[in-house]
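To start, the structure itself, in structure tokens.
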Amino acid sequence: MRRYRLEIDNVRSHLRSLWIVIGLQGLIILALWIGWSQAPKQLRVYVPPDLRSGAVLAAEEVPPANVYAFAFYIFQQLNRWPENGATDYGSAIFRISPYLTPRYRNDLIADMELKARRGELAYRVRGVHEVPGHGYEERRVDVLSPDVWIVWLDLDLLESVKGVTVKQTTIRYPIRVVRQAIDPEANPWGLALDGYASDGPRRLTDAELAEPSVTGAITNKESSQ
């Protein structure tokens, strides 16, 4: 009789240990579920345009090449007036407004109104394109912080009125770019133009055009940033 009692006690002890293991597993599953439920549903990963040498990517980290490509594409769209600047300038601002900070958008609207009062938009056709040999290089993007950059664009600016060329020059634009992930549906880049940095645009000299390696202001950091 004693033998059977010992067996029953062993079985009960084993059942208690099994319940303890089940309880621990339940706590682990609960902790894993809580961690999974709080994990982000989406992660934005910026893939560099050139992957020939490989790349190490981190979520939400924006490579300088992507910042340059964004600044050039959006700025080119802003300065594309295919028929009449009086209507095309405003249309361009409205079309790319998700890629502009509110401050820069207001500055552009004020600039458009000023140019309209001066008669500088009527029938004006405008376009910009990258200067050959002055494309992306690492030195063309100054990283001020993980969320702020200065992009140096060397662009040919061409303007005409009723088929007559009125302006043709090469300009260096220091474009300030900031992270602005407000509406990923309207702005999948999560970036925005924030106006000009430093002293603003300036014309390139013949020496700078002849020697792309001489960057001048590109190597100068903004002391005030």
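Check whether at least one residue in region 184-199 is out of contact with any strand residue (DSSP E or B) (no Cβ under 7 Å at 6 or more places or on another chain) and surrounded by 16 or more Cβ atoms within 10 Å (Cβ to Cβ), and report yes or no.
Checking region 184-199: at least one residue is out of contact with any strand residue (DSSP E or B) (no Cβ under 7 Å at 6 or more places or on another chain) and surrounded by 16 or more Cβ atoms within 10 Å (Cβ to Cβ).
Going by the structure shown, is Val151 over 20 Å from Ala92 (Cα atoms), surrounded by 18 or more Cβ atoms within 10 Å (Cβ to Cβ), at pLDDT 95 or above and of a type in the set (A, V, I, L, M)?
Answer is yes for this residue.
Return yes or no: is Val178 at pLDDT 95 or above, touching a Ser or Thr at 6+ places or on another chain (Cβ under 8 Å) and over 22 Å from Pro82 (Cα atoms)?
Values: at pLDDT 95 or above: yes; touching a Ser or Thr at 6+ places or on another chain (Cβ under 8 Å): yes; over 22 Å from Pro82 (Cα atoms): yes.
Criteria met by Val178.
Among the numbered conditions (1) surrounded by 15 or more Cβ atoms within 10 Å (Cβ to Cβ); (2) in a helix (DSSP H, G or I); (3) modelled with pLDDT under 95, tell me where Tyr136 comes up short.
(2)
Is region 163-179 home to any residue that is surrounded by 13 or more Cβ atoms within 10 Å (Cβ to Cβ), more than 30 Å from Tyr123 (Cα to Cα) and touching a Gly at 6+ places or on another chain (Cβ under 7 Å)?
yes
The values are calculated or read from the model by the stated rules, or taken from the named source; none is laboratory data. What you see is a predicted model, and the numbers here were worked out from it, not measured in a lab. No Cβ is skipped: glycine too gets one built from the backbone with ideal geometry, and neighbour counts run over all protein chains shown.
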